[in-house]
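Undergrad: Mind looking over this structure? Questions follow.
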Amino acid sequence: MHLAGYFLLCACFLLALALAGACLLQLRGLFPDALRWAERGNALFTLCFTASCAVLIAALVRSDFSFVYVFSHTDRALGFFYRLTAFWAGQEGSLMFWAWTMALCGACFPLLRGYTTLPEEVKLWYWAFYGCVLAFFCLVLTAWSTPFQAFSPAPEDGNGLNPILQNPGMIFHPPLLLLGYGGFTIPGCLALACALSRELGNEGPSWAERTRPFILMAWLTLSAGIILGAWWSYMELGWGGYWAWDPVENASLVPWLAASAYLHTAVIEARRGKLLRVNVFLMALITVSAFFATYMVRGNVVQSLHAFGDSAAGLPLLLFVLLSLIVSAYVSLTAPAQSEPLADPLSREGLLACVAWVFLALGIMIVLATLWPVISKLWSAQSVGLTPAFYNRACLPLFTLLALLLCACPWLGWGGGLTHKFQAGAAALLFVLALVVFLVMGISKPLALVSAAAAVGVASSLCLYCGAVPGTLRLPRALAAHGVHLGFALMVLGVAFSGPYKQETTASLAPGNSVTLGGYTLRLDALEQNDSFVHDNPTPEAAQKARTAAGDMPRYIFVEAKLSAFLNGKPAGELRPQARIYAKRPEQISLESDTLFGMGTEVYATLHGLDDQNKAQLTLSLNPLVNWIWAGGILLSLFPFLGMAKRGRGDG
């Protein structure tokens, strides 16, 4: 089976090379039937690559430890769903899953009307670019990072999955990110193909309109993946936070920032016919930045909780990123599209351009800060890393500026000037009123105060604008944009409160002891020690059956603290945080935090273990409005579905 999976990858590599090469030959007039061959070859590529993936999935499901990859990321005690998620748990599998998403997207695109009506030259350039990307991934998967290495003889059991990855977030977070990366490849290749074919600004649907479903689906899956990753970090790592500016977190954020910048400049192109070449470069940059994110994770460039460590694929990935960036810049700059200059900055198109610049500035700043340990080696013997405090000081003001710009954008005309002056004045008044109210509430930190008021300003502006222009609610694309901005506003509000105004304490408690935090009293009622058979099964009978089947060898043992919470003396709920030790990772304590849900203040508890006197070592915190982040994230990830509708009059 190892050889079958590997040779299928080799066949895919040859198919992708042939696909790209044949199209380039037809562009030179040397292979007149290449386009039809490429379209059929792509279908065969997708079939072969899917079969190769099926080999790896079957090995994971069957716990075939003759595969080095299966041995490294699973064991016999691992549940079925986590054996499946091991597909993207390791370096080789995640690269393979990403390439698979590209292959599936590439197989779907020719079925759409947006593809069938493309000029032949554009199709040839598209397949040439797309084939090169696929060929590179297949080369990495066959030469430097293959999931089909074999053990002989096969071990009896595997190393198991990292305890941090044994969380429901593992089922959704990585594949959503990789789906986002893969989805952007299609519009990225088509944008470059149109630029090389001199098709920018011509009559008929633009490349962006033809690939709009891919663009929005990729953006929403990338958004959902990042937000789910933040929630996973909040629940799993036991620190009560959701974003630590970890290098790999930053790596996934950079493509999202570039994509968000593009979504705003794309509105200018759709409505005003401007920024044609800029949008080609931005779309290509999104794909390149996704490759760069992969290099950050797999190239051992900087230390990270999420990184896969040193890899032979690091240098090839870096060279591919640099080559892709050079090609993208050259094609974009040499495209012949000409358009009028942008209107005054105090116009809707000027403000949209400013929003895009802020997104790009954030991306550039985060890339430089993340790579600072590498950059600092140029003049220092010791690398210098930047702390989360630096990122907060440098980046959070720009996110606040984004919220302020979104407050003003609905009230400016495309050519400049203020529209709907009465409603604009009401929105400004509500912003000032929010500032005063939050100040009276004790929100005195300037950035948090302005951010919270700006979030209220965005929400009130959207409501007032929909009242001033009632037809907006009947335009799916406009409604999608407003819904995304509302979700962003809720997230800004949640960050403004939950970060600076979080209350936290540590406590060492014996059963019966309590600690006071804010208006809450938290009492430790009991400490329970048990194993995975009891925790993972609903009844004692099921637990005993699982124990017998596993030979009394649990996946993990745990200590659980049972805490009762009281708010102003009244019962508010119960928390049960755990500290686990997994059989495959006895040196590592896995923290399973628990929360007392609240849309106002959420109580958060983490058990770190027991001290020498068998007292529970706890971290307890109160996180105000933290769940508004997740609520806003849901809106931000769902409303783009409406944007896939056909464009109506007045839509952006």
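The values are calculated or read from the model by the stated rules, or taken from the named source; none is laboratory data. Bear in mind that the values here come from a model prediction, so they are computed numbers and not experimental data. Because the Cβ atoms are built from the backbone with ideal geometry, glycine has one as well, and the counts that use them run over all protein chains shown. For accessibility, only protein heavy atoms count, side chains too; no ligands or nucleic acids. Shrake-Rupley method; radii C 1.70, N 1.55, O 1.52, S 1.80 Å.
Undergrad: Checking the structure you have, find out if any residue of the stretch 415-431 is surrounded by fewer than 20 Cβ atoms within 10 Å (Cβ to Cβ), in contact with a Gly (Cβ under 9 Å, 6 or more places away or on another chain), of a type in the set (Ser, Thr, Tyr) and part of a helix (DSSP H, G or I).
TA: no
Undergrad: Of all residues in the stretch 1-40, count the ones that are assigned to a helix (DSSP H, G or I) and open to solvent by 10 Å² or more (accessible area, probe 1.4 Å).
TA: Of the residues in that region, 23 qualify.
Undergrad: Now for a different question. Select, from 216, 222, the only residue that is open to solvent by 10 Å² or more (accessible area, probe 1.4 Å), part of a helix (DSSP H, G or I) and touching a helix residue (DSSP H, G or I) at 6+ places or on another chain (Cβ under 7 Å).
TA: 216
Undergrad: Specify which of the listed residues (124, 60, 139) is open to solvent by 50 Å² or more (accessible area, probe 1.4 Å), over 18 Å from residue 214 (Cα atoms) and modelled with pLDDT of 90 or more.
TA: When all the criteria are applied, what remains is 139.
Undergrad: Name the residue, out of 134, 104, that is in a helix (DSSP H, G or I), buried (at least 24 other Cβ atoms within 10 Å of the Cβ) and of a type in the set (A, V, I, L, M, F, W, C).
TA: 134
Undergrad: OK, next. Can you pull out the residues in the stretch 525-545 that are free of Cβ contacts under 8 Å to residues at least 60 places away in the same chain and more than 36 Å from the chain's Cα centre (by Cα)?
TA: The answer is 525, 526, 528, 529, 539, 540, 541, 542, 543, 544, 545.
Undergrad: Also, I was wondering about something else. Here is a list of conditions, (1) under 20 Å from residue 239 (Cα atoms); (2) among the aliphatic types (A, V, I, L, M); (3) not in a helix (DSSP H, G or I), and residue 572 meets all of them except one; can you say which number that is?
TA: All conditions pass for residue 572, except number (1).
Undergrad: Got at least one residue in the stretch 70-82 being within 27 Å of the chain's Cα centre (by Cα), assigned to a loop (DSSP other than H, G, I, E, B) and buried (at least 23 other Cβ atoms within 10 Å of the Cβ)?
TA: Checked against the condition, which is being within 27 Å of the chain's Cα centre (by Cα), assigned to a loop (DSSP other than H, G, I, E, B) and buried (at least 23 other Cβ atoms within 10 Å of the Cβ), the stretch 70-82 yields at least one hit.
Undergrad: Another one. Would you pick out the residues in the stretch 148-206 that are of a type in the set (S, T, N, Q) and surrounded by fewer than 24 Cβ atoms within 10 Å (Cβ to Cβ)?
TA: 149, 152, 159, 162, 166, 167, 197, 202, 206 - these are the residues of the stretch 148-206 that are of a type in the set (S, T, N, Q) and surrounded by fewer than 24 Cβ atoms within 10 Å (Cβ to Cβ).
Undergrad: Would you say residue 510 is open to solvent by less than 30 Å² (accessible area, probe 1.4 Å), touching an Asp or Glu at 6+ places or on another chain (Cβ under 8 Å) and more than 27 Å from residue 242 (Cβ to Cβ)?
TA: So residue 510 does not fit the description; no.
Undergrad: Looking only at the stretch 234-252, filter to residues that are within 16 Å of residue 501 (Cα to Cα) and hydrophobic (A, V, I, L, M, F, W, C); which one of those is nearest to the chain's Cα centre (by Cα)?
TA: Ranking the candidates gives 243 first.
Undergrad: Can you tell me which residue among 351, 362, 402 is at pLDDT 90 or above, crowded, with 18+ Cβ neighbours inside 10 Å, in contact with a Pro (Cβ under 9 Å, 6 or more places away or on another chain) and under 30 Å from residue 195 (Cβ atoms)?
TA: Result of the check over 351, 362, 402: 351.
Undergrad: What number of residues within the stretch 365-395 satisfy the criterion of being part of a helix (DSSP H, G or I) and open to solvent by less than 50 Å² (accessible area, probe 1.4 Å)?
TA: Within the stretch 365-395, residues that are part of a helix (DSSP H, G or I) and open to solvent by less than 50 Å² (accessible area, probe 1.4 Å) number 11.
Undergrad: Checking residue 557 against (1) of a type in the set (A, V, I, L, M); (2) open to solvent by less than 80 Å² (accessible area, probe 1.4 Å); (3) touching a strand residue (DSSP E or B) at 6+ places or on another chain (Cβ under 6 Å): exactly one of these is not met. Which one?
TA: (2)
Undergrad: Right, another one. Only one of (1) at pLDDT below 90; (2) buried (at least 17 other Cβ atoms within 10 Å of the Cβ) fails for residue 527. Which number is that?
TA: Here residue 527 meets the rest and fails (1).
Undergrad: Right, something else. Residue 243 is checked against (1) more than 30 Å from residue 195 (Cα to Cα); (2) assigned to a helix (DSSP H, G or I); (3) open to solvent by 30 Å² or more (accessible area, probe 1.4 Å) and fails just one. What number does that condition carry?
TA: Unmet for residue 243, out of (1) more than 30 Å from residue 195 (Cα to Cα); (2) assigned to a helix (DSSP H, G or I); (3) open to solvent by 30 Å² or more (accessible area, probe 1.4 Å): (2).
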